[in-house]
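Colleague: Sharing a structure, written as structure tokens. Questions coming.
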Amino acid sequence: PGAFYGPRGIAIHDDLVYVTDTGNERVQVFQTDGTFVRAFGGTGSGDGQLMEPVGIAVGQDGTVYVADAHNGRIARFASDGTWLGAWEVAQWQDQQYFEPWIAVSDDGHVYVTMSTLGVIVPFGADGTAGDPLGIGQVRRPYGIAVTSGGAALLVADGALQTVLTVPLPLQ
């Protein structure tokens, strides 16, 4: 507990820090002073298991969303690590050498990057995938965040070496 092998993503919610411990196929949770609280996940493709977790975001309701790259899904957990299910990301299937990042808006919409295709895939609060965003604008999206007010995404683009603003369609 508390040791990492390839940490990637980080999110803060209710004074807890959630970190994807990619090499150990888990999420570790800490207090803001660094005190270990718990870990969840573990190697595999079953319920509650992860394979190459990268991006992480926590919704206002405390749902923890993990970009479970090699399982091709968004793994969803309660803040205490209880498994809530997963949403398949078709664009992640059979991909290698990509790092998907994830953001969640105040209204529960989830946005994930697909660096090898140069798009962002939106998901409704119910897990339904929408049409890709950023086509022709984004080249290699990595880090992603929803702007205050939820009108756009800020996207770190590794190919363009910049941060782009991608407007969101009206919900």
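Colleague: How many of the residues making up segment 160-171 are at pLDDT below 95 and open to solvent by less than 70 Å² (accessible area, probe 1.4 Å)?
Modeller: 1
Colleague: Now a separate question. Starting from residues that are hydrophobic (A, V, I, L, M, F, W, C) and outside any strand (DSSP E or B), keep the ones in segment 125-139 and report whichever is most open to solvent (accessible area, probe 1.4 Å).
Modeller: Only one residue tops the list, namely I135.
Colleague: If you check T35 against the conditions, is it over 13 Å from G81 (Cβ atoms) and over 17 Å from the mean Cα position of the chain (by Cα)?
Modeller: Yes: the conditions hold for T35.
Colleague: Return the residue satisfying two criteria in turn: it lies in segment 86-108 and is over 19 Å from E52 (Cβ atoms) and touching a strand residue (DSSP E or B) at 6+ places or on another chain (Cβ under 8 Å), and of such residues it is surrounded by the fewest Cβ atoms within 10 Å (Cβ to Cβ).
Modeller: Initial filter on segment 86-108 (over 19 Å from E52 (Cβ atoms)): 104-108.
Retained after the next criterion (residues that are touching a strand residue (DSSP E or B) at 6+ places or on another chain (Cβ under 8 Å)): 104-106.
Values: V104: 25, S105: 22, D106: 11.
Once the filter is applied, the top-ranked residue is D106.
Colleague: Next question. With the condition kept exactly as written, say whether any residue in segment 66-77 is surrounded by fewer than 16 Cβ atoms within 10 Å (Cβ to Cβ), aromatic (F, W, Y) and modelled with pLDDT of 95 or more.
Modeller: No, the conditions are met nowhere in segment 66-77.
Colleague: Further question on the same structure: For the subset of segment 23-32 comprising residues that are within 19 Å of T82 (Cα to Cα) and of a type outside the set (D, E), which member is surrounded by the most Cβ atoms within 10 Å (Cβ to Cβ)?
Modeller: V27
Colleague: Looking at this structure, is A39 open to solvent by 20 Å² or more (accessible area, probe 1.4 Å) and in a strand (DSSP E or B)? Quick ask: steps written out before the conclusion?
Modeller: On the way: open to solvent by 20 Å² or more (accessible area, probe 1.4 Å): yes; in a strand (DSSP E or B): yes.
Against the criterion (open to solvent by 20 Å² or more (accessible area, probe 1.4 Å) and in a strand (DSSP E or B)), A39 qualifies.
Colleague: Please work out which residue is nearest to the chain's Cα centre (by Cα), limiting yourself to segment 138-164 and to residues that are polar (S, T, N, Q) and at negative phi.
Modeller: T147
Colleague: Right, here's the next one. Mind telling me which of the residues Y142, Y111 ends up being open to solvent by 30 Å² or more (accessible area, probe 1.4 Å), under 23 Å from E25 (Cα atoms), touching a residue at least 12 places away in the same chain (Cβ under 8 Å) and assigned to a strand (DSSP E or B)? Full working, then the answer.
Modeller: Values: Y111 fails: open to solvent by 30 Å² or more (accessible area, probe 1.4 Å).
After applying the criteria, what remains is Y142.
Colleague: If you take just the strands (runs of 3 or more DSSP E) that sit entirely in segment 45-103, which of them hold at least 2 residues that are out of contact with any Ser or Thr (no Cβ under 8 Å at 6 or more places or on another chain)?
Modeller: 64-68, 73-77, 83-88
The values are calculated or read from the model by the stated rules, or taken from the named source; none is laboratory data. Predicted model only: the values in this text are computed from it and were never measured. Cβ sites come from the backbone with ideal geometry, for glycine too, and all protein chains shown count toward neighbours. Ligands, DNA and RNA are stripped out before the accessible areas are found, and what is left, the full protein with its side chains, is counted by its heavy atoms. Shrake-Rupley method; radii C 1.70, N 1.55, O 1.52, S 1.80 Å.
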